[in-house]
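Below is one structure, written out as structure tokens, with a few remarks after it.
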Amino acid sequence: MRFPPDLTARAPRPDDAEAVYRLVAAAEEVLDGVIDVSLEDIRADWQRPSLDLERDAVLVEDRATPIAYGDVIAGRAWIHVHPDHRRRGVGAALAAWSEERARELDCAGVGQTISDTNLEAIELLRDRGYTPRWSSWLLELELERARDAPPLPDGITLRTLRRPDDERAVYELIDRAFSEWPDREPGEWSFEDWQASLLDRDDTDPELTWLAVDGDEIVGAAVGLVDGDRDGWIQQLAVDRSHRNHGIGRALLQTSFAEFHRRGLVTAGLSTDSRTGALSLYEHVGMRVVRTYRRWSKDL
């Protein structure tokens, strides 16, 4: 891995999480005018058992000041360069490092999800042979009033997550549903990674994860959290194929929104992509697209 000679690169340590958060936040604010990442997002990714922080991540420094970060998880590269240190070849060096690491991990390909505003990164990836695969959207809803959930089908009830009893069933439901997407294999996230990234976060509250239950079977889930002190966030939403098109997904969303509103939050947000076919559902319940991203991928 070659970086500009006036810079150093090393593996991050757990106590570097705040510094990584600051540089990612600075990059997001310049590109999109808002900060989407949270410190807990960084910590949650780093506590995934499959992530070897020593080998799967790199922190670039300029005289001991962190200026760029990259990691590779299951063929997904996540790379950010502080806006004050662009055009120094750091992004290109991190892209090359991510490809090299993905090959070492025996990944079939590597990809990055890039904001449509990040024209420099898009040009860099295109020049390295990456092609666009799918679009992603970040959606928001202003929580101006409480909303009643639509009626549920006969026999379906909603309740919140019971830890640890429900965890494996919720994971398997979500993994099955998400594995129907193109370019995704079942088990892409192990149960242990999913648990660490979504449920073991400091900002996760089981009372914000709503489940749709048919008898003893969990048939739908909306995994939520409070993002900062103003916003609710739905990390994942899934309904089992056998129970779709009956309003369960909409009921899970509306119930999550009502709980966010009850807690005094200002907005509700989530992300989706063009593989899911779910954009119309979110728009139907009043959400609007506020940012657009694209996945750029390269076969290895």
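The values are calculated or read from the model by the stated rules, or taken from the named source; none is laboratory data. Since we're looking at a predicted model, the values are computed, not measured. Neighbour counts run over all protein chains shown; Cβ positions are idealised from the backbone, glycine included. Only protein heavy atoms, including side chains, enter the accessible area calculation; ligands, DNA and RNA are left aside. Shrake-Rupley method; radii C 1.70, N 1.55, O 1.52, S 1.80 Å.
Could you check how much of the accessible area of the chain is carbon and sulfur, as a whole percent, using a 1.4 Å probe?
Carbon and sulfur: 45 percent of the exposed surface of the chain.
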With n ≥ 4 as the cut-off for DSSP H runs, can you work out [θ] at 222 nm for the chain, using -39500 (n - 2.57) per run divided by the number of residues, rounded to the nearest 500?
-8500 deg cm²/dmol
Taking the Cβ-Cβ separation of Asp203 and Asp84 as r and a Förster radius of 25 Å, what is the calculated FRET efficiency to the nearest 0.05?
0.30
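For a quick check of your reading of the filter: which trypsin sites (Lys or Arg not before Pro) in the range 87-190 sit in a DSSP loop and have no more than 14 other Cβ atoms within 10 Å?
Passing sites in the range 87-190 are Arg87, Arg128, Arg145, Arg162, Arg184.
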Of the listed values (i) 19.2; (ii) 20.9; (iii) 20.3, grab the one calculated as Kirkwood radius over Cα pairs in Å from the structure here.
(iii)
Between the range 225-253 and the range 1-60, what is the separation of their alpha carbon centroids in Å?
28 Å
Taking amide H atoms as placed 1.01 Å from N in the peptide plane, list the residues 5 or more away in sequence, or in a different chain, whose amide H sits under 5 Å from that of Val290.
Leu138, Leu139, Glu140
If you build a Gaussian network model of the chain, linking Cα atoms that sit under 10 Å apart, which residue out of Ala68, Ala177, Ala222 swings the most?
Ala177
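Quick check on the range 1-59: take the gyration tensor over C-alpha atoms, sort the square-rooted eigenvalues as a ≥ b ≥ c, and tell me if it's rounded (a/c under 1.5), prolate or oblate.
Verdict is oblate for the range 1-59.
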For Ser190, what accessible surface area do you get with a 1.4 Å probe? Give it in Å², rounded to 10.
40 Å²
Relative to the longest principal axis of the chain, what angle (0 to 90°, nearest 10) does the C-alpha long axis of helix 248-262 take?
80 degrees
Which GluC sites (Glu not before Pro) from the range 158-220 combine a DSSP loop assignment with at most 13 other Cβ atoms within 10 Å?
Glu180
Under a crude label model (7 Å from the Cα following the beta-carbon direction), how far is Leu158 from Arg244 in nanometres?
2.1 nm
Once a ≥ b ≥ c are taken as the square roots of the eigenvalues of the Cα gyration tensor of the range 145-300, is the result rounded (a/c under 1.5), prolate (a/b larger than b/c) or oblate (a/b not larger than b/c)?
rounded
Across Asp229, Asp273, Asp193, the residue with the highest GNM fluctuation in the chain (Cα network, 10 Å cutoff) is Asp229
Note the angle between two axes, namely the Cα long axis of helix 17-32 and the longest principal axis of the Cα atoms of the chain, as a number of degrees from 0 to 90, rounded to the nearest 10.
80 degrees
Quick one: check the C-alpha center-to-center distance for the range 90-144 versus the range 174-217, whole angstrom.
24 Å
Computed FRET value (nearest 0.05) for Arg176 with Arg126, which takes r as the C-beta separation and R₀ as 25 Å
0.15
Would you kindly state how much longer the chain becomes between Glu142 and Val289 on full extension, computed as 0.36 nm times their sequence separation minus their alpha carbon distance, in nm to one decimal?
51.7 nm
